[in-house]
1. Take residues that are away from ligand 1 (no atom under 16 Å from the Cβ) and tell me which of the strands (runs of 3 or more DSSP E) falling wholly in the range 132-234 contain 3 or more.
2. Could you check, for the range 104-123, whether at least one of its residues is free of Cβ contacts under 8 Å to residues at least 40 places away in the same chain, within 16 Å of ligand 2 (Cβ to nearest atom), more than 26 Å from P22 (Cα to Cα) and open to solvent by 30 Å² or more (accessible area, probe 1.4 Å)?
3. I'm checking my understanding of the structure. Among residues of the range 89-100 that are open to solvent by 10 Å² or more (accessible area, probe 1.4 Å) and either among the small types (G, A, S) or not in a loop (DSSP other than H, G, I, E, B) (or both), which one is nearest to ligand 1 (Cβ to nearest atom)?
4. Taking the stated definitions as given, is P170 closer than 17 Å to R99 by Cα and either loosely packed, with under 15 Cβ neighbours inside 10 Å or not aliphatic (A, V, I, L, M) (or both)?
5. Out of the range 15-35, which residues are within 20 Å of H239 (Cβ to Cβ) and surrounded by fewer than 16 Cβ atoms within 10 Å (Cβ to Cβ)?
6. Within the range 128-153, work out how many residues are under 17 Å from G213 (Cα atoms) and either modelled with pLDDT under 95 or open to solvent by 50 Å² or more (accessible area, probe 1.4 Å) (or both).
7. Which of the numbered conditions does P80 fail, given that it passes all the others? Conditions: (1) farther than 24 Å from A201 by Cβ; (2) exposed (fewer than 15 other Cβ atoms within 10 Å of the Cβ); (3) of a type outside the set (F, W, Y); (4) out of contact with any helix residue (DSSP H, G or I) (no Cβ under 7 Å at 6 or more places or on another chain).
8. Just name the residue that is nearest to ligand 1 (Cβ to nearest atom) out of those in the range 248-266 that are charged (D, E, K, R) and open to solvent by 10 Å² or more (accessible area, probe 1.4 Å).
Amino acid sequence: MAFEIRPLTSSGFGAELIGLDPTLALDEPTFQAVQQAWFDHSILVFRGLDMTPEQHIAFTRRLGPLHIMVPLQYNLDGYPEIFVVGNAEEGGKAVGMRRAGMGFHSDGEDKAIPNAGSFLYGVIVPPEGGDTIFADMYAAWNALPEATRAKLSGRRARFSRVELHHVHYPHLPALTEQQKLDRPDVWHPIARKHPRSGRTALYIGRWAVEIEGMPAEEGKPLIETLCAHAQKPEFLYRHRWQPGDGVLWDNRCTQHCATPFDEERYTRRMHRTTLEGEVPLLASAAAVPQGVSV
Ligand code: OGA
Ligand code: MN
């Protein structure tokens with residue numbers, strides 16, 4: 001099936017795919033072309049989808065093994081592969097996780113094996129607010145000053161759910177001692193090599209608390225600087241949701257951030273499938289591009 005790839009930004013970060021079957025039941029050559037577009041553009045936007053949970057799961061599974069989110073309480077009844085995000089209720093009971101993903105992050109960055117990708121489907125979306133902002137972490141890495149890239153090359157950052165859970169999820173109960181044991185701190189390379197594209201991305205996010213081999217007085221402000229750098233407007237794409245939109249993102253080379261909406265007035269119900277990932281690869285120093293320094 002022929003389809004059009006329309007870039008969403010002048011840099012080519014993000015692309016909308018036009019002309020695909022709204023159930024995403026694609027023949028193999030079409031699927032291969034879609035997957036290649038994903039590696040080329042990091043974020044894919046589909047409009048006017050009409051997928052059952054089975055179709056949503058079936059399409060995502062072609063990209064790799066699926067991850068089942070824990071705790072299971074936010075997963076769709078009968079479809080543990082679908083994680084529900086938003087304030088929707090059924091019979092007076094919340095069906096999804098409210099206020100998920102506020103603050104720039106990539107999914108699973110606080111786990112030893114972060115998620116490779118996520119595919120979020122807008123089932124019910126508010127008429128205003130609730131946009132999702134995406135950041136191009138390849139471009140963010142390439143635009144860092146040479147000296148900063150040299151300082152970061154070969155180093156890892158510590159990501160800590162335990163230290164920051166109450167900061168990012170003030171409306172949720174504190175972690176229990178068992179949950180803390182289940183979510184130990186993890187170390188990931190800051191210059192991360194994408195296993196499919198071979199390109200280097202800046203890998204940092206809202207759970208990062210320490211840089212290997214740096215005292216806190218140096219590491220913490222550097223993390224803040226890197227996070228602020230990644231949020232510069234030239235690296236961003238803002239998605240304004242319409243019902244039936246799907247956004248497939250690559251957590252290895254992008255970040256994303258939810259934005260608020262009027263939760264008293266509006267319902268937002270998003271279904272997310274999540275791809276299992278791999279241990280993040282450290283980019284070799286040779287991967288630092290030539291001539292891109294500031
Ligand atoms: C997510 C997430 C952002 C949003 O589902 O991983 O961060 O805007 N969602 O819902
Ligand atoms: Mn997220």
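1. Those strands (runs of 3 or more DSSP E) span 156-159, 186-189, 191-193, 200-202, 208-211.
2. The answer is no, given that none of the residues of the range 104-123 is free of Cβ contacts under 8 Å to residues at least 40 places away in the same chain, within 16 Å of ligand 2 (Cβ to nearest atom), more than 26 Å from P22 (Cα to Cα) and open to solvent by 30 Å² or more (accessible area, probe 1.4 Å).
3. From the range 89-100, those open to solvent by 10 Å² or more (accessible area, probe 1.4 Å) are 89-95, 97-100; that's our starting set.
Keeping just the survivors that are either among the small types (G, A, S) or not in a loop (DSSP other than H, G, I, E, B) (or both) gives 89-94, 97, 100.
Values: E89: 17, E90: 19, G91: 23, G92: 22, K93: 20, A94: 15, M97: 8, A100: 5 Å.
Checking each candidate, the answer is A100.
4. yes
5. I18, G19, P22
6. 4
7. Unmet for P80, out of (1) farther than 24 Å from A201 by Cβ; (2) exposed (fewer than 15 other Cβ atoms within 10 Å of the Cβ); (3) of a type outside the set (F, W, Y); (4) out of contact with any helix residue (DSSP H, G or I) (no Cβ under 7 Å at 6 or more places or on another chain): (4).
8. The initial filter retains those residues of the range 248-266 that are charged (D, E, K, R), namely 250, 252, 262-265.
Adding the requirement that they be open to solvent by 10 Å² or more (accessible area, probe 1.4 Å) leaves 252, 262-265.
Working: R252: 14, D262: 15, E263: 13, E264: 18, R265: 17 Å.
Taking the candidates together, the pick is E263.
The values are calculated or read from the model by the stated rules, or taken from the named source; none is laboratory data. Bear in mind that the values here come from a model prediction, so they are computed numbers and not experimental data. Positions of Cβ are backbone-derived with ideal geometry, glycine not excepted, and every protein chain shown enters the neighbour counts. Only protein heavy atoms, including side chains, enter the accessible area calculation; ligands, DNA and RNA are left aside. Shrake-Rupley method; radii C 1.70, N 1.55, O 1.52, S 1.80 Å.
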